[in-house]
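The values are calculated or read from the model by the stated rules, or taken from the named source; none is laboratory data. This is a predicted model, so every value here is computed, not measured. All Cβ positions, glycine included, derive from the backbone under ideal geometry; neighbour counts span all protein chains shown.
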Amino acid sequence: MPKIRTTRTKKPPEGFEDIEGILDDYAKKMRDAENESHEGKRKTESLWPIMRISHTRSRYIYELYYKREAISRELYDWLLKEGYADANLIAKWKKPGYEKLCCLRCIQTRDMNYQGSTCICRVPKAQIRPGTVVECVHCGCRGCSSDS
């Protein structure tokens with residue numbers, strides 16, 4: 001979640017006003033997802049929309065800087081520092097095999113049912129039996145393997 005800006009905080013770098021509207025839209029979506037009722041949902045299912053919004057906001061900033069080269073390094077670093085994007089997730093996206101990673105929890109081996117493995121959403125679709133529904137329990141992802 002981005003930090004609250006006050007009159008005492010440092011002003012954002014040049015170029016922020018160009019993307020501020022889109023980041024505000026993500027903040028509104030995040031607020032709506034946080035205030036949504038979780039009745040009738042499974043244990044972690046109420047967190048899925050929040051994780052998706054966080055992922056898409058981080059992906060937007062990643063693509064602005066690395067793919068389209070539309071923002072400066074100074075603005076990119078400021079956005080990461082202020083919490084607009086997940087720096088650890090972006091670091092993984094730069095590595096081969098993790099280009100479409102949904103969240104960091106899916107690659108951690110300690111929280112999985114089988115010791116030493118990763119989440120079911122990391123398995124390539126070609127290796128899953130037809131008709132099998134793949135859905136991550138942590139984030140709701142339906143497949144983020146780069147080989148899919």
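Regarding TYR26, is this residue assigned to a helix (DSSP H, G or I), under 27 Å from CYS141 (Cα atoms) and touching a Phe, Trp or Tyr at 6+ places or on another chain (Cβ under 6 Å)? No: the conditions fail for TYR26. Residue pairs whose Cβ atoms lie under 8 Å apart, separated by 6 or more positions or on different chains, with the first residue in the stretch 74-94 and part of a helix (DSSP H, G or I) and the second among the β-branched types (Val, Ile, Thr) and at pLDDT below 95, are LYS92/ILE107. Pairing residues of the stretch 8-30 that are at positive phi with residues that are surrounded by fewer than 16 Cβ atoms within 10 Å (Cβ to Cβ) and polar (S, T, N, Q), at Cβ distances under 7 Å and at least 6 apart in sequence or on separate chains, gives GLY15/SER72.
Looking across the stretch 112-140, the residues that are assigned to a loop (DSSP other than H, G, I, E, B), among the aliphatic types (A, V, I, L, M) and either free of Cβ contacts under 8 Å to residues at least 60 places away in the same chain or farther than 18 Å from PRO49 by Cβ (or both) come down to MET112, VAL123, ILE128, VAL133, VAL134.
Taken together, the residues in the stretch 1-60 that are at pLDDT 90 or above and hydroxyl-bearing (Ser, Thr, Tyr) amount to 7. Looking across the stretch 33-61, the residues that are over 21 Å from ARG142 (Cβ atoms) and loosely packed, with under 11 Cβ neighbours inside 10 Å come down to ASN35, SER37, GLU39. Considering only the stretch 83-90, I want to know if a residue exists there that is of a type in the set (Asp, Glu), touching a helix residue (DSSP H, G or I) at 6+ places or on another chain (Cβ under 6 Å) and surrounded by 11 or more Cβ atoms within 10 Å (Cβ to Cβ). Within the stretch 83-90, one or more residues are of a type in the set (Asp, Glu), touching a helix residue (DSSP H, G or I) at 6+ places or on another chain (Cβ under 6 Å) and surrounded by 11 or more Cβ atoms within 10 Å (Cβ to Cβ).
Restricting to the stretch 98-111, name every residue that is assigned to a loop (DSSP other than H, G, I, E, B), free of Cβ contacts under 8 Å to residues at least 40 places away in the same chain and within 18 Å of TRP48 (Cβ to Cβ).
The answer is GLN108, ASP111.
Among the residues of the stretch 2-23, write down those that are surrounded by 12 or more Cβ atoms within 10 Å (Cβ to Cβ), assigned to a loop (DSSP other than H, G, I, E, B) and within 21 Å of the chain's Cα centre (by Cα). Within the stretch 2-23, PRO2 is the sole residue that qualifies. Say whether the condition of being outside the structural domain of GLY143 (by TED's automatic domain parsing), small (Gly, Ala, Ser) and under 24 Å from GLY143 (Cα atoms) is met by at least one residue in the stretch 70-79. No, the stretch 70-79 contains no residue that is outside the structural domain of GLY143 (by TED's automatic domain parsing), small (Gly, Ala, Ser) and under 24 Å from GLY143 (Cα atoms).
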